[in-house]
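All of the numbers you see were taken from the coordinates with simple rules; none came from a lab. All figures in this text were calculated on a predicted structure; none of them were measured in a lab.
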Amino acid sequence: MNSGHYTSFCNDGKQWYYCNDHAIRVAEKSELEHNVHAYLLFYSSLPQQQLRLPSIPN
């Protein structure tokens, strides 16, 4: 994740916010109604000892 543009809509239970690489602002209702191509990604960090990297034969 060293490049690209990341955005999200977040809700604190009362209000929706639009977040991007540079700022957070209150989301407009029209943005929430017309955002039909949404997807969700989850990232998790693992301790190095849990990583199982494939070996490449010589």
query = Taking H as built 1.01 Å from N, whose amide H comes closer than 5 Å to the amide H of Trp16, not counting residues under 5 places away?
reply = Ala27
task = Per DSSP H run of at least 4 residues, take -39500 (n - 2.57); add these up for the chain, divide by its residues and hand me the 222 nm value, nearest 500 deg cm²/dmol.
result = -1500 deg cm²/dmol
request  = Work out how much length Leu32 to Asp12 would gain on full extension: take 0.36 nm times their residue separation and subtract the Cα-Cα distance, in nm to one decimal.
outcome  = 5.7 nm
ask   = Given (i) 47; (ii) 42; (iii) 56 as candidate values of percent of Cα pairs over 18 Å apart, which corresponds to the one derived from the coordinates?
value = (iii)
